[in-house]
Amino acid sequence: MADFGDKLDAWFTKAYAYRWASPIPVIVAAVILGVVADVGSAVLVLAGGALLLVIAMLWASVQALTGDTELSLEDAISLAVPTAAEEQKRAVLRALKDLEYERSVGKISDEDYTQLKARYRAEAKSLLKELDSSQTESRARAEALLAEALGKQTTKPKKKKKRDKKKRESEGWTAPGAEPETESDTKPNAEDTEVRHAAKPQRPDRAKRQKGEQTASEPEPEPDLGSETNAEDTKVKPAAQRQRPDAAKPLRGEQTAAKSQRDDAAKRQRVEQTAQTAPDSEPDSRTTCAECDSPNDSDAVFCKRCGAKLSEESS
Amino acid sequence: MWESLPEFGTGVLYAVLVTAAYTFAVCIGAGRGNPKLLKSARQAAYGTCALILLGVLILAYAFVTHDFRLSYVARYSERSMTVPYLFASLWGGQDGSLLWWSFLLSIYVTACVRWMRGKYRELQPYVIATLMVIIGFFAILMLFAANPFATNMAGARLDGEGLNPLLRNFYMIIHPPSLYTGFVGCSIPFAFCIAALVTGRLGSEWIIAVRKWMLFAWLFLTIGNALGMLWAYEELGWGGYWAWDPVENAACLPWFTASAYVHSTMIQERRNMLKTWNIFLICLTFFLTIFGTFLTRSGLIASVHSFAQSNIGIFFVWFMGFIVAVCAALMIWRYPMIKSKARIEAAASREAMFVFNNWALLGMMTFIAVATLFPKISEWIWQETATVGPPFFNRWLAAPGIFVFALMGLAPLFGWRKTSTAAMKKAFIAPMVALAAAAVAHLALGKAIGFPAIVPNDRFYPGFLGTVLQQVGALAPLLVVSLSAFNVAVIVQEFARGVKARQRNKQEGVLSALYNLVERNRRRYGGYTVHLGIVLIFLGFTGRAWGVDTEASMTPGQGQAVGDYNIVYNGTRMEVDTEKRMVFADVTVQRKGKDIGVLHPAKFIYAKGGTPTTEVAMLHTFRDDVYVIVGSVSPQTKRATFQFHINPLVSWIWAGVLFMMLGAGISLFPELSFSEVTAWSYVRVGAGAASGILFAMLLGMAPTDAFAGTAPRASERTSNLSPSALARRDAEARQRVGPWWYGAPLVGLVLGGVLVAGGRRRRRG
């Protein structure tokens, strides 16, 4: 009996994954009846399907209300709400992009351009610093959780790890950068696009502990900072923002420290890469990158073009 | 027969009200931060929408099974109607159209709730709560004022009354849903606005969220109004496309404020200004959709479009009062947060232009609203009803319309904050040269080509005001043509500058630069495409100034000169089908001595009685529409009375609408990074594009018969025309097909792109 119950639960879990396909049999049945019988019967079948949908939705609502259902990953991720500073940061980045466009088509004088650009960049930097500092506590907590998880991970047999990984992937918890542990991370993480929400709490900053392990990052897609749709779909990754929500995401044991450091550097870099989508601005920085000789702002930590860390000598 | 259908249907409406209230309550709880309550609210919102779907399906079932126990089914359908018209009858009358409104709103709510998952965590509960209030209002309306499931007092009839013959055409199937889609779509931005006010999250978050929703609603307001114009042009048989009917005016009011908003929002995004304006415009747009519905249904103002007089008006008055009270209270409460800290620094700035634009569009909207309500206002104030007709609107709105048209070209030339003299010189040279050249050319050559620059008209008022209006009306053609050249030059200059900048910086070819320019700045260049459409529309409207209208009584063989055309009356013929007799008066249209087409205006006399309907016949060309209406026909002498209208540039209006749709589609097009999409996404893209193109081709093909003006469009059964007559009719119809056919692939591509919703977005970093 218990086995049957388990099998039923497993079947429901499987069927639930395909719940969005449930209207298809109703529609097919309606079409068949419409052809074979009459339009009224087809409409009746559709009405029956709608009634079932009503019952299912209201039942799910009551279950959620009474606390019988667990939070899904998406719901948990959405707990982190973008702060006003994050929204303002996005607005400033959009304004920067528009400014570059207007300069490129000659609608704004050089003087106004320089003045406005400096103002927007200063505002963006202060917002980024504010965001960084506001998430220090969350970052530390995430690091602690990660360390604890890593500690547990190393004691587990390899096969079980792979089984766990497969299980997590099948449940939709594909960890960004989920590669085999022995491989170096060269693959861009497609799942990042789903979890890149400006509101997500930050994951541990491994860059502080693993400075020497940074390898060249993947060439990132050309960031379109301040893009209208970019900001709208909230996929912009500010340099200061760390990536993973700590509350609901699964343990990130698979992600190497090197990858995380590269990702952090790449994220900082994107904020500064306004020039990639616009004509090159007048060089107004005083720091030259040792790797690519690009000019950078005097207070820049990483090069805005190649992402390399700027040493003090290159100032 | 389903015995308990009426009770079940009414029960569903009660269930809608209950679940909407339940969802509202759960949302208020979720607003305090409980994620499980939010999840519950979302599921309940889906359930409420599914209930509305159930209600619509039950009513549809009643129609297709001819359940004449329902009063609504008996009034708007009959046994001889085919299935498409039976479904169209769902929105043919007041009761069903309210349910249809609720259904469209439920589609929007479902899409919005789905789209919001994982986003706008703090706004979500209040967005859903607001939408549930609107659904609840319509449920109350249906339950207590206009129940589509109400039964006949006298029991089931043997047959129904059927749909009004004027409504039995293709446009009945697409115009109301299109317009309702636009109206209802304004609810989503309104819900976000209320949520932002309640939560105090008044930054750019909610503005970005609602941008595409408002643009989508605006697109369908445009399409709906355009289809209404097309319908009036085709069906009403008075030679025009806009009669300033109260219901027509009510439909265009939210379009003005929505147009103002889609511009004004850019200021808030860019400079964090005009927050109060934007909130006001969104609230006003939604209010006007409810107000327009109220005007249409309350019978307050007489209109050809009005539904029957009913007691529904008081419900709308209370709801409108509730909207005003809530919006005003929230705005006053949050005023310290929405008050702009920045100031407009110069009149020669884009911000200033947009503020002028806001005022101009708001002013036009207010003028139209007051003039529409003027009969009631005069009755209340002076105890006499004073009506205002089309000439009043045309005279008064010419000047502000030309002002807005000029602003459309000026605004892109100015920079943000202020524009230096050098930048202004550089920006204005080419457009001013184009304006001057167009003005000179029009003055010199206009009369020779039949489009004179200055068209004298009658004085409408005495005194100085009358003189001013008269002069503006006379100069309107010259001003519009000159400003059209100015606007086109501005658009071309914007594209050219952008392409040159990309070529300079990215070393791209012209076509690559153009593609990438538009692809990376869709809103901007989509907007310019919309502006191009508006140029064509303004030119189309101005064509009326050069129109020729003639009435004639002719016997077979006689000809009548009308403008550049000669129209020869060939004779009459009669055809009969099961529904009606059709009396055709065939005419041949000639230009410069050559036959260019044969038209078949007709009168349809229905077997069931009632007023005979006039079937217009038209010949569409790039330059003119030859529009023929037959009045009376003498069976003995065959003498017929005709109205002939030469309507220049009318086709440009429809072409302009297509450009507006294209531009809006470019702005709405989702971001896709093809290098990152999976194979399944390619399939979705392909399927979406293919289905969109197919749908648009069908949409384009369908009005063919409507444009023909010959065949019995209203007939539900095969006529007894001979095969050769049918073939001739269809061939002539295809020759006269309008711009919809050529625009169909364009519409399809846009639709196909928009259908790729949920595609992978470009990863920006």
- Could you tell me which of the residues B:Arg69, B:Arg121 is in contact (Cβ under 8 Å) with a residue 12 or more places away in the chain, surrounded by fewer than 23 Cβ atoms within 10 Å (Cβ to Cβ) and facing chain A (nearest Cβ under 9 Å)? B:Arg121
- Residue check for B:Phe137: buried (at least 23 other Cβ atoms within 10 Å of the Cβ), more than 10 Å from chain A (Cβ to nearest Cβ) and among the aromatic types (Phe, Trp, Tyr): no
- Task: Only one of these is among the aromatic types (Phe, Trp, Tyr), open to solvent by less than 50 Å² (accessible area, probe 1.4 Å) and either more than 28 Å from B:Val650 (Cα to Cα) or in contact with an Asp or Glu (Cβ under 6 Å, 6 or more places away or on another chain) (or both): B:Tyr627, B:Tyr565, B:Tyr606. Name it.
- Result: B:Tyr606
- For the stretch A:69-149, which fully contained helices (runs of 4 or more DSSP H) count at least 1 residues that are modelled with pLDDT of 75 or more and within 11 Å of chain B (Cβ to nearest Cβ)? A:84-104, A:110-134
- When restricted to B:Val73, B:Val56, the only residue assigned to a helix (DSSP H, G or I) and under 30 Å from B:Tyr126 (Cβ atoms) is B:Val56
- Message: Kindly evaluate B:Leu197 against the criterion of being away from every other protein chain (no Cβ under 14 Å), open to solvent by less than 10 Å² (accessible area, probe 1.4 Å) and either over 28 Å from the mean Cα position of the chain (by Cα) or at positive phi (or both).
- Response: yes
- Query: Tell me, which helices (runs of 4 or more DSSP H) wholly within the stretch B:311-385 include 3 or more residues that are surrounded by 14 or more Cβ atoms within 10 Å (Cβ to Cβ) and modelled with pLDDT of 90 or more?
  - Reply: B:313-333, B:350-382
- May I ask you to list pairs of residues, at least six apart or on different chains, whose Cβ atoms are under 6 Å apart, with the first in the stretch B:613-637 being assigned by TED's automatic domain parsing to the domain that holds B:Gly571 and more than 16 Å from B:Val548 (Cβ to Cβ) and the second being part of a strand (DSSP E or B) and hydroxyl-bearing (Ser, Thr, Tyr)? B:Gly631/B:Thr641; B:Ser632/B:Thr641; B:Val633/B:Thr572
- Query: Could you say whether any residue in the stretch B:88-100 is over 24 Å from A:Ala42 (Cβ atoms), among the hydroxyl-bearing types (Ser, Thr, Tyr) and surrounded by 20 or more Cβ atoms within 10 Å (Cβ to Cβ)?
  - Reply: no
- Item | Of residues in the stretch B:200-236 being open to solvent by 20 Å² or more (accessible area, probe 1.4 Å) and among the aromatic types (Phe, Trp, Tyr), the one nearest to the other protein chains (Cβ to nearest Cβ) | B:Trp213
- Task: Look at B:Arg343 and say whether it is within 14 Å of another protein chain (Cβ to nearest Cβ) and either more than 33 Å from the chain's Cα centre (by Cα) or of a type in the set (Phe, Trp, Tyr) (or both).
- Result: no
- Message: Give me the residue from the stretch A:6-18 that is modelled with pLDDT under 75 and small (Gly, Ala, Ser) and, out of that set, least open to solvent (accessible area, probe 1.4 Å).
- Response: A:Ala15
- Query: What residue, among those in the stretch B:505-523 that are in contact with a helix residue (DSSP H, G or I) (Cβ under 8 Å, 6 or more places away or on another chain) and charged (D, E, K, R), is most open to solvent (accessible area, probe 1.4 Å)?
  - Reply: B:Lys506
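Table: residues versus (1) in a helix (DSSP H, G or I); (2) free of Cβ contacts under 8 Å to residues at least 60 places away in the same chain; (3) away from chain A (no Cβ under 12 Å); (4) within 30 Å of B:Glu579 (Cβ to Cβ).
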position: B:Arg32; (1), (2), (3), (4): no, yes, yes, no
position: B:Arg42; (1), (2), (3), (4): yes, no, no, no
position: B:Tyr61; (1), (2), (3), (4): yes, yes, no, yes
position: B:Ser80; (1), (2), (3), (4): no, no, yes, yes
position: B:Tyr85; (1), (2), (3), (4): yes, no, yes, yes
position: B:Asp95; (1), (2), (3), (4): yes, yes, yes, yes
position: B:Ile107; (1), (2), (3), (4): yes, yes, yes, no
position: B:Cys112; (1), (2), (3), (4): yes, no, yes, no
position: B:Trp115; (1), (2), (3), (4): yes, yes, no, no
- Residues located in the stretch B:449-469, provided they are at pLDDT 90 or above and either open to solvent by less than 60 Å² (accessible area, probe 1.4 Å) or more than 18 Å from B:Pro648 (Cα to Cα) (or both): B:Phe451, B:Pro452, B:Ala453, B:Val455
- Query: Tell me, which residue of the stretch B:397-435 that is over 16 Å from B:Gln493 (Cα atoms) and open to solvent by 50 Å² or more (accessible area, probe 1.4 Å) is farthest from the other protein chains (Cβ to nearest Cβ)?
  - Reply: B:Phe403
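Every residue, every condition in (1) at pLDDT below 85; (2) within 26 Å of B:Gly118 (Cβ to Cβ), yes or no:
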{"position": "A:Trp20", "(1), (2)": "yes, yes"}
{"position": "A:Pro25", "(1), (2)": "no, no"}
{"position": "A:Ala37", "(1), (2)": "no, no"}
{"position": "A:Val43", "(1), (2)": "no, no"}
{"position": "A:Ala47", "(1), (2)": "no, no"}
{"position": "A:Leu51", "(1), (2)": "no, no"}
{"position": "A:Met57", "(1), (2)": "no, yes"}
{"position": "A:Gln63", "(1), (2)": "no, yes"}
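The values are calculated or read from the model by the stated rules, or taken from the named source; none is laboratory data. Quick caveat: nothing in here was measured; it's all calculated off a predicted structure. Cβ: placed from backbone, ideal geometry, glycine included. Neighbour counts: every protein chain shown. Just the protein is used for accessible areas: all its heavy atoms, side chains included, with ligands, DNA and RNA removed. Shrake-Rupley method; radii C 1.70, N 1.55, O 1.52, S 1.80 Å.
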